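Below you'll find the structure, written out as structure tokens, and then a few comments.
The values are calculated or read from the model by the stated rules, or taken from the named source; none is laboratory data. Computed from a predicted model, the values in this text were never measured in an experiment. Backbone-built Cβ (ideal geometry, glycine too); neighbour counts: all protein chains shown. When the accessible area is computed, the model is the full protein with side chains, heavy atoms only, and any ligands, DNA or RNA have been set aside. Shrake-Rupley method; radii C 1.70, N 1.55, O 1.52, S 1.80 Å.
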Amino acid sequence: MCGIVATSGNPSADRFLIEGLYRLEYRGYDSAGIALINADGTVRRTRACGKVSALEEALDTQGRFASGVGIAHTRWATHGPASEKNAHPHTAGRVTVVHNGIIENDRELRHTLSNEGADFASDTDSEVIAHLLDRHITAGYSPEDALNETLEQLRGAFAFAAIIEGEPDLIIAARKGAPLLVATGDAGVYLASDPLAVIGYAASASYLVDGDRVIVRGRIVTVRSAEGVTVDRDPAPLPASASQVEKSGHAHFMAKEIHEQPVSLARTLTAYLHASARTVRTDICFEVGSAGRLAIVACGTAGYAGAVARYGFESLADLPSDVDTASEFRYRSPALTASTAALFISQSGETADTLEALRLVRARELPTMALINAPHSTMAREADLVLPTHAGPEIGVASTKAFTSQVAALFCLQILAARQRGTLTEEAEAEAVDDLMSAPATVSAVCEREAEIAAMAPLLSAAPLVVFLGRREGYPLALEGALKLKEISYIHAEGFPAGELKHGPLALIEPGVMCVILIPSDDLFDKTRASIEQVRARGSGVIAITDQQGAQSLKDQCEAVFTLPSATPRALLLAQACVLQLLAYHVARLRGADIDQPRNLAKSVTVE
């Protein structure tokens, strides 16, 4: 969600900080701010509602000044509405701070501090950090000791960085439950909540762990653990270029990432499969041969990827499987036996509810597995087994290539599970691997027909409601299609199993409503076609996504039919996902929506 960028020892601090904020726009935000400290220790703060460009304009209007130390922030509102007074950085006395996360005991601390004379200028929980730090510094504590005292008083999940008036070369920072990294480059020291902010400025970055606190003086960095011990966090290499955060000629990051899927899928499949041997790799430590049950836990799109995979874990590997929304799983006292295998899915590896669900399972002394796209994330450090998706950086808030890479990796794990449980012959494994290896080319063929999909978008762009229908794996894919459309176009969309229409959803169908139906020509084709007849009889329009055989059968029964390339089942499902993504994208373009940064949403939800 919110983004932190800070630097010390950089003679062009303002330029780096503004560029860093632009790079973090994808995380979602409603205001932005920057604070710089000059050589005599004076702090200047600038804040603005709206885009980073508005902040940059305000900074230019105010007049820039040379500074080597500064902090900056993009805010996504939690406590208090989006306004300049609630934008970060926040200042109390000599201290100016930027903060990600939620301070859970904010009200208690605010009450105590107010009774002691503190004057709060914002509605945010973040401001209490500045007041606590300032109170301890005023009482005579050193900046580092003030930081330690403040951390003792805070409850919640947070990462923050602060500068102090009169300390022109100092930044203090800490993390607990929210990401923060530190990196050193030729031009200075950098702190950030996301590595994208520092790519091209440093060759590597050290990812802090919970409880770490950082003291930066000039270009000297000291990291101490929660126990106060000086530690070295092993640096991980960063890409040499920031080109991967550019749109590469596309109008939006979402479009770029949809078109990157043939490559991202190939990376995922190469990591999990031996194409020449037509087997899943033997060195993957995913072990469910003796499991009595597989618990799949995730949020949002990642949860739908898990729901797609559930069918194969049960039908292919005979492994009973459940898919839980992480925010429900962690609060419902789940029944976990010694034979339960737990798999957690998260693009960022920082999703708060999924991370806490993982910790709940670890507390029960059960093994944990994490399917993630961020190899240096908190979940990567805390899970017993990390299963990377290899999708590459995803900037658009609405997940596309991360979703298909998750599904592809899960398909590989299904095959591995079936082999371990003795439910799959060598010949069947080889056929399944061939199926998956054809997916990149199949998805590429869909991307090449984007114009056909864009031509269907006007059918949906004015609809008051769009209903997505599917069967078996097509049902969670329908849920994902509905989510994509509502996320970026703001059209009300719902996903249902096609067979459930008569059990309630049919009441929604009336003239003006549109239905998008996933209807491959399988053994359930005729049953799904009956759903088309039901909605058309009540005045709804229909877009069908099917294969060549299905398209011939549906001629003249739908407002539009998209005919998928000839493909095997797993490749066909991934191709359907791509069609739904492109359809949502072009509907949103017609409606003039902010596609990469939809309202009220954040890329990585790191707080409850």
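Conditions (1) farther than 22 Å from L573 by Cα; (2) surrounded by 21 or more Cβ atoms within 10 Å (Cβ to Cβ); (3) modelled with pLDDT of 90 or more; (4) among the hydrophobic types (A, V, I, L, M, F, W, C), marked per residue:
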{"residue": "T279", "(1), (2), (3), (4)": "no, no, yes, no"}
{"residue": "C285", "(1), (2), (3), (4)": "yes, no, no, yes"}
{"residue": "A291", "(1), (2), (3), (4)": "yes, yes, yes, yes"}
{"residue": "A295", "(1), (2), (3), (4)": "yes, yes, yes, yes"}
{"residue": "A302", "(1), (2), (3), (4)": "no, yes, yes, yes"}
{"residue": "V308", "(1), (2), (3), (4)": "no, yes, yes, yes"}
{"residue": "Y311", "(1), (2), (3), (4)": "no, no, yes, no"}
{"residue": "S315", "(1), (2), (3), (4)": "no, no, yes, no"}
{"residue": "L319", "(1), (2), (3), (4)": "no, yes, yes, yes"}
Report summary line: If we keep only residues of segment 28-50 that are open to solvent by 10 Å² or more (accessible area, probe 1.4 Å) and not in a strand (DSSP E or B), then the residue modelled with the lowest pLDDT is Y29
Query raised in the report: Any idea which residue in segment 351-369 is farthest from the chain's Cα centre (by Cα), counting only those that are of a type outside the set (D, E, K, R), more than 18 Å from A178 (Cα to Cα) and assigned to a loop (DSSP other than H, G, I, E, B)?
Result: L366
Report task. Output yes when any residue across segment 20-27 is outside any loop (DSSP other than H, G, I, E, B), of a type in the set (A, V, I, L, M, F, W, C), modelled with pLDDT of 95 or more and surrounded by 20 or more Cβ atoms within 10 Å (Cβ to Cβ), and no when none is. Result -> no
**Report entry** Residue count for segment 334-350, restricted to those that are assigned to a loop (DSSP other than H, G, I, E, B), within 18 Å of A309 (Cβ to Cβ) and either modelled with pLDDT of 95 or more or more than 11 Å from the chain's Cα centre (by Cα) (or both)
**Finding:** 0
Report task. Go through segment 550-582 and give me each residue that's part of a helix (DSSP H, G or I) and touching a Leu at 6+ places or on another chain (Cβ under 8 Å). Result -> R570, A571, L572, L573, L574, A575, Q576, A577, V579, L580
Query raised in the report: Of all the helices (runs of 4 or more DSSP H) wholly in segment 76-187, which have at least 1 residues that are in contact with a strand residue (DSSP E or B) (Cβ under 6 Å, 6 or more places away or on another chain) and over 25 Å from L55 (Cβ atoms)?
Result: 143-153
Query raised in the report: How many of the residues making up segment 321-340 are open to solvent by less than 70 Å² (accessible area, probe 1.4 Å) and in contact with a helix residue (DSSP H, G or I) (Cβ under 7 Å, 6 or more places away or on another chain)?
Result: 7
**Report entry** Which numbered condition K247 misses (of (1) modelled with pLDDT under 90; (2) in contact with a Ser or Thr (Cβ under 8 Å, 6 or more places away or on another chain); (3) of a type outside the set (S, T, Y))
**Finding:** (2)
Query raised in the report: Say we look at segment 299-333 and pick out the residues that are touching a residue at least 40 places away in the same chain (Cβ under 8 Å) and assigned to a loop (DSSP other than H, G, I, E, B); which of these is nearest to L436 (Cα to Cα)?
Result: L316
Query raised in the report: Within segment 533-541, can one find any residue that is crowded, with 21+ Cβ neighbours inside 10 Å and either part of a helix (DSSP H, G or I) or in contact with a Phe, Trp or Tyr (Cβ under 7 Å, 6 or more places away or on another chain) (or both)?
Result: yes
Report summary line: Contact list, first residue from segment 277-298 and closer than 15 Å to C412 by Cα and part of a loop (DSSP other than H, G, I, E, B), second anywhere and hydroxyl-bearing (S, T, Y) and open to solvent by less than 60 Å² (accessible area, probe 1.4 Å), beta-carbon distance below 9 Å, six or more apart or interchain, is R281/Y272; I284/Y272
Query - Any chance P89 is open to solvent by less than 10 Å² (accessible area, probe 1.4 Å), within 26 Å of Q597 (Cβ to Cβ) and in contact (Cβ under 8 Å) with a residue 40 or more places away in the chain - result: yes
Query raised in the report: Restricted to segment 380-406, and to residues that are more than 13 Å from the chain's Cα centre (by Cα) and aliphatic (A, V, I, L, M), which residue is most open to solvent (accessible area, probe 1.4 Å)?
Result: V386
Query - Within segment 408-499, helices (runs of 4 or more DSSP H) holding 2 or more residues that are of a type in the set (F, W, Y) and open to solvent by less than 20 Å² (accessible area, probe 1.4 Å) - result: none
Report task. Would you check which residues across segment 523-553 are modelled with pLDDT under 90 and hydroxyl-bearing (S, T, Y) and list them? Result -> T528, S531, S553
Report summary line: Only unsatisfied item for A72, checking (1) in contact with a strand residue (DSSP E or B) (Cβ under 8 Å, 6 or more places away or on another chain); (2) of a type in the set (G, A, S); (3) within 19 Å of A13 (Cα to Cα); (4) open to solvent by 10 Å² or more (accessible area, probe 1.4 Å), is (4)
Requested in this report: Show the residue pairs that are 6+ apart or on different chains and have beta-carbon atoms under 8 Å apart, the first residue being within segment 139-161 and more than 21 Å from A352 (Cα to Cα), the second being hydroxyl-bearing (S, T, Y).
Outcome: E149/Y141
